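Asks: The following block contains the structure, expressed as C-alpha cells.
The values are calculated or read from the model by the stated rules, or taken from the named source; none is laboratory data. Fair warning: this is a prediction, and the values are worked out from it, not measured in the lab. Reconstructed Cβ throughout: ideal geometry from the backbone, glycine too, with neighbour counts over all protein chains shown.
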Amino acid sequence: MNIHFEQKKQQLGIREIWGSKQQTISSVCFDSRNVTNNSSFVCITGEQFDGHTFIESAIGNGAVVVAGENKTILKEASEAYRDVTFLLVQDARVFMAQLSILFNNRIHEKLITVGITGTNGKTTVAAYVRSLMNLCGVKSGSIGTTGMISSTGNLNMKQSTPTTPEAPDLHHIFKQFVENGDQLAAMEVTSVGIEQKRTAGIQFDVAIHTNLSPEHLEFHHTFENYKRAKLKLFKQAKKAVVNIDDEGMGKEIVQLFTGPLLTYSMNEESGADVIATDVKQVANGTSFTLSLQGKRYSVITPFYGSYNIANLLSAICTGLHIGISLEKMLHVLPEMTGPEGRFEIIHKQKRKIILDYAHTPVALQNLVTEVKKLPYSRLIVLVMGIGIRDKEKMPKMAETIENQADEIVVSVDHPGYNDPSEIVGHVMKGFKNPDAPNIHSELTRHDAVIKALSLSEENDIVLLTSGCINGAQIVKGEKIPHSDKDIIADFFRSKKVAKSGRMFASSKIKWAAPKKRNIL
C-alpha cells in the first residue's frame, strides 16, 4: 500500500518526518525478525526491551519506514539511511494501531465487532457468542486465549500475545475473517491489551462486561488502575452488555455508558433486562428459566455451572443487540458448543477428569462450588501458581482450595524466567497447614497432572485447573509444547499395564538459571 505520510499526519499522530514523505509498504511490524522487503517497522518501548535498538536490524531486513518516539535516535538514523522514511510519532502504539487500520483498509468495519472484557469468563463468552451467532445464521469468528477461530475453523496463525493480539496481527485476523465470509468477530479484550492500545481506533459494535476481581496487578500495580483499564473499552463501544450482579464495576458501567445497554443477572430481584433463575443441573447440562420483558421461558443448555449460565446470558444479550430474536436463539441453545478446556469433562476408567482454565481465586471458588454438585467419591484438585502473572494472588489460590478437596496438588504454569520452586512456595504460603498429608507439590505441570491422576481411584473427580496458553508452557521465553489431554491418555493407557503409582519419567521441562536474550 502506498501511503503519503504528510497527508496522514493527524490521523497517525506524526510529529516529524525525515526522508521521503511517501512510501509503499508491504506490512506493519513491531518485531524486527518479521520485517521483510518494504515493511514498516514500529519501535515499541516496553519493560524489557526498546524497539529503537533494533532499527538497524529492521532496515537490514528490508524496512523502508521506521517510526518511534525517540527523536534523537530517529534523526541520527535518518542521516545514515537516507532511502528510509523516519517518523517521529506521539504514541508508537497508537500509531501502530492506526497504521494497521489504514493498511488493512478499515477491514474491521466490515464486521460486527464484539469486545469482551472481565477478569473471568472472557474466553467462554467469546466461544458462546461465536457458537450462538453461527447457529442463528450470522457467520462468526472469535479471537482470544484458545486461538483464532473463524466460522470455517481454526486459523493457522501464530499468536503474538496470549489473548488480545497486537494491532498488526489483529487487523490481519479481521481480514482473514472477512475473506472467509464471516460477518461477526467476538474477541477477548484484556486490560493489558487496552492499556497497550492494541484495539485503539476500533469502535466496537458491542462491548461485554463479565465481572471484575483483582488480576494482572504485576502490570497495573493497583486494582483501581486495573478497573480504569477495563472501563476504557466502554468508551469505544456503540452498545454494551453488563453483568449487573458484578460488584466490581457492573453498576459503574451502567451509570457511565450513554448508548444502548442491556443488563443480565442471576437474581430475580435485580431488575436486569435478561434474568436466569431456577438453575438446576440435569443429565447433560443445565436447565433454567429465562425471563425477558415479563415473559418466562424454560431452557436446557449443554453447559455446567451457574457462572456459565451467566456467560450464556451475555451472549443472548449480544444477539438481541444485533437484531436476532430471542425465539430464534432459544431454538438453537441446545446445539451450542463451548470452548475447549472450560468445564470440559473427560471420562476415564470410572473417573471424571475436568479441565478448566480457572486461574483466579474467584474463578476457582466458583468452579469448585459447581463441581461439587456432581456425584463423586473423592475430589482431587490441581492448583497452580502462574509465573507470568502477579504473585499476590498465588497464596489466595491456596486459601481458596484449602479444606475443599480430599487431595490438593500444587504446581507451576508458565514459569517464565522464574524458579518454579519459588512459585510453588508463593502458593504454599496461603495454606494454614502446608504440611498436611493431602497437600502435594510438583515443579512442572506435566508431573503435577500425573500426580493428581495417580492419587485418583474409581468414582473420583480429578479437577485440573489453570492450564496452558495455546498448547504450551512458557519457559524462559520459549513455548514448550504441552497437552493435559495427551498426558491423561498416556496415563490411562499405561494403567492397563501398571495398575497405579508413578509410571512416567519426569517432565522434559527442566529448570536452569535464565540466560539473557533479545526478544526482538
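Asks: I need every pair where a residue in the stretch 359-380 that is under 25 Å from Glu215 (Cα atoms) has its Cβ under 7 Å from the Cβ of a residue that is of a type in the set (D, E, K, R) and assigned to a helix (DSSP H, G or I), sequence separation at least 6 or different chains.
Replies: Close Cβ pairs (under 7 Å, with a partner that is of a type in the set (D, E, K, R) and assigned to a helix (DSSP H, G or I)) amount to Thr360/Lys393; Pro361/Lys393; Pro361/Lys396.
Asks: Of the residues Leu87, Leu74, Leu12, only one is touching a residue at least 24 places away in the same chain (Cβ under 8 Å) and under 32 Å from the mean Cα position of the chain (by Cα); which?
Replies: Leu12
Asks: If a residue has to be surrounded by fewer than 23 Cβ atoms within 10 Å (Cβ to Cβ), touching a Phe, Trp or Tyr at 6+ places or on another chain (Cβ under 9 Å) and over 30 Å from Lys158 (Cα atoms) to count, how many in the stretch 430-487 make the cut?
Replies: 5
Asks: Continuing with this model, one more query. Do we find a residue being without any contact (Cβ under 8 Å) to a residue 40 or more places away in the chain, assigned to a loop (DSSP other than H, G, I, E, B), surrounded by 17 or more Cβ atoms within 10 Å (Cβ to Cβ) and of a type in the set (Gly, Ala, Ser) anywhere in the stretch 178-196?
Replies: The answer is no, given that none of the residues of the stretch 178-196 is without any contact (Cβ under 8 Å) to a residue 40 or more places away in the chain, assigned to a loop (DSSP other than H, G, I, E, B), surrounded by 17 or more Cβ atoms within 10 Å (Cβ to Cβ) and of a type in the set (Gly, Ala, Ser).
Asks: Just to be sure I understand the filter: pairs with C-beta atoms under 7 Å, separated by 6 or more residues or on different chains, first member in the stretch 205-224 and touching a residue at least 60 places away in the same chain (Cβ under 8 Å) and of a type in the set (Asp, Glu), second member surrounded by fewer than 17 Cβ atoms within 10 Å (Cβ to Cβ) and in a helix (DSSP H, G or I). Which pairs pass?
Replies: Note: no pairs meet the criteria.
Asks: Taking the stated definitions as given, is Ile208 buried (at least 20 other Cβ atoms within 10 Å of the Cβ), assigned by TED's automatic domain parsing to the domain that holds Thr318, outside any loop (DSSP other than H, G, I, E, B) and touching a strand residue (DSSP E or B) at 6+ places or on another chain (Cβ under 7 Å)?
Replies: Yes, satisfied.
Each row is one residue, and each column tells you yes or no for (1) β-branched (Val, Ile, Thr); (2) at pLDDT below 95; (3) closer than 21 Å to Val242 by Cα.
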{"site": "Ser142", "(1), (2), (3)": "no, no, yes"}
{"site": "Pro162", "(1), (2), (3)": "no, yes, no"}
{"site": "Ala167", "(1), (2), (3)": "no, no, no"}
{"site": "Gln176", "(1), (2), (3)": "no, no, no"}
{"site": "Val192", "(1), (2), (3)": "yes, yes, yes"}
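Asks: Sticking with this one: Identify all residues within the stretch 279-296 that are modelled with pLDDT of 95 or more and either touching an Asp or Glu at 6+ places or on another chain (Cβ under 9 Å) or in a loop (DSSP other than H, G, I, E, B) (or both); write none if there are none.
Replies: Answer for the stretch 279-296, where residues must be modelled with pLDDT of 95 or more and either touching an Asp or Glu at 6+ places or on another chain (Cβ under 9 Å) or in a loop (DSSP other than H, G, I, E, B) (or both): Ser287, Phe288, Thr289, Ser291, Leu292.
Asks: Next question, about the same structure. Return the total of residues in the stretch 280-299 being surrounded by 15 or more Cβ atoms within 10 Å (Cβ to Cβ) and either under 20 Å from Gly341 (Cα atoms) or within 27 Å of the chain's Cα centre (by Cα) (or both).
Replies: Residues that pass the stated criteria total 2.
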